[in-house]
1. Looking only at the range 43-55, decide whether some residue is among the β-branched types (V, I, T) and out of contact with any Asp or Glu (no Cβ under 9 Å at 6 or more places or on another chain).
2. Can you tell me which residue is nearest to the chain's Cα centre (by Cα) among those in the range 46-94 that are over 14 Å from G223 (Cα atoms) and charged (D, E, K, R)?
3. Does E196 satisfy the criteria of being farther than 25 Å from I57 by Cα, surrounded by fewer than 23 Cβ atoms within 10 Å (Cβ to Cβ) and acidic (D, E)?
4. Scanning the range 95-113 for residues that are among the β-branched types (V, I, T) and within 23 Å of M187 (Cα to Cα), which turns out farthest from the chain's Cα centre (by Cα)?
5. I'd like the full set of residues that are more than 28 Å from L167 (Cα to Cα) and either of a type in the set (A, V, I, L, M, F, W, C) or open to solvent by less than 60 Å² (accessible area, probe 1.4 Å) (or both), limited to the range 19-31.
6. Between residues in the range 83-98 that are within 15 Å of L167 (Cα to Cα) and among the aromatic types (F, W, Y) and residues that are modelled with pLDDT under 95 and open to solvent by 60 Å² or more (accessible area, probe 1.4 Å), which pairs lie under 9 Å by C-beta distance while being six or more apart or on different chains?
7. Of the residues that sit in the range 69-92 and are in a helix (DSSP H, G or I) and among the aliphatic types (A, V, I, L, M), which one is surrounded by the most Cβ atoms within 10 Å (Cβ to Cβ)?
8. Taking the criterion of being farther than 18 Å from G44 by Cβ and in contact with a helix residue (DSSP H, G or I) (Cβ under 6 Å, 6 or more places away or on another chain), would at least one residue in the range 208-218 satisfy it?
Amino acid sequence: MSDGPPLVSFAGVTRFYGEGGGLVRALAGVDLTIGKGEFIAIMGPSGSGKSTAMNIIGCLDRPSSGSFKFLGVEVNQLSQDQRALLRRNFIGFVFQGFNLLNRTTAIENVELPLIYRGTPKRERRERALEALHLVGLQGRERHTPGELSGGQQQRVAIARAIVTGPLLLLADEPTGNLDSQRSHEIMELIARLNGERGITVVMVTHEPEMADFAHRTIRFVDGHIASDGRKQAA
């Protein structure tokens, strides 16, 4: 672990939706610290708060109360534009559904975050090629999603998530649409990016076999952290 503030810290974070009799307590006072370079699996039943926690970490949602800091900065005090910049510059996202543009080639899909950043065309192309090679898709750069398998499409999505050089990769059920073999290949890739590139990974999953790739597993129940354990060294 490097010096300085943790990557993410929650102190008494709550998230309520609705009001009165329809009030839903998605998070009910969560304390959580995530250090740089960690690989964390978040588990829990439907409605436990795991996705809400992920959305807050990704600056897609705000706490109702409590403190959420990213690299020591109080995110709740940032404007909407500042939060968008934090998300764009420091966080990559991978989803269960790939979310690729169907009529666009792999390399063009990977370039998208760099277009939003205003990265020059030549640099954009070089970085997208590097990211695709990193996830093992040499020779597939010009293929559209329809010409790729599910596992290959998820590799494109991972390349798109890491092309900006994020500190944090948020993966929401990244193997949910894949068969067992492809799931293991994707998890090995994510573990390699964590180990070799030092990218912090926070992954929501309902599959214990996938969670075993992480170094630390956090279980949510009813808006609380029920357990938080680290894998014992072999």
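1. Here is the first cut: in the range 43-55, the ones among the β-branched types (V, I, T) are 52.
Narrowing the set further to residues that are out of contact with any Asp or Glu (no Cβ under 9 Å at 6 or more places or on another chain) leaves none.
The answer is no; no qualifying residue exists.
2. The qualifying residue nearest to the chain's Cα centre (by Cα) is R87.
3. Details: farther than 25 Å from I57 by Cα: no; surrounded by fewer than 23 Cβ atoms within 10 Å (Cβ to Cβ): yes; acidic (D, E): yes.
Here the answer is no, as E196 does not meet what is asked.
4. Residues of the range 95-113 among the β-branched types (V, I, T): 104-105, 107, 110.
From what's left, within 23 Å of M187 (Cα to Cα): 107, 110.
Details: I107: 21, V110: 16 Å.
Among those residues, the one meeting the criterion is I107.
5. First, the residues of the range 19-31 that are more than 28 Å from L167 (Cα to Cα): 19-25.
Answer for the range 19-31, where residues must be more than 28 Å from L167 (Cα to Cα) and either of a type in the set (A, V, I, L, M, F, W, C) or open to solvent by less than 60 Å² (accessible area, probe 1.4 Å) (or both): G22, L23, V24.
6. F93/L60; F93/R87; F93/N99
7. As a first pass, look at the range 69-92 and keep what is in a helix (DSSP H, G or I): 75-77, 80-90.
With the extra rule that they be among the aliphatic types (A, V, I, L, M), the set shrinks to 75, 84-86.
Working: V75: 19, A84: 13, L85: 14, L86: 17.
Ranking the qualifying residues of the range 69-92, first place goes to V75.
8. no
The values are calculated or read from the model by the stated rules, or taken from the named source; none is laboratory data. Not measured: the values here are computed from a predicted model. Here Cβ is always computed from backbone atoms with ideal geometry, including for glycine, and neighbour counts include all displayed protein chains. Just so you know, the surface numbers come from the protein's heavy atoms only, side chains and all, with ligands and any DNA or RNA stripped out. Shrake-Rupley method; radii C 1.70, N 1.55, O 1.52, S 1.80 Å.
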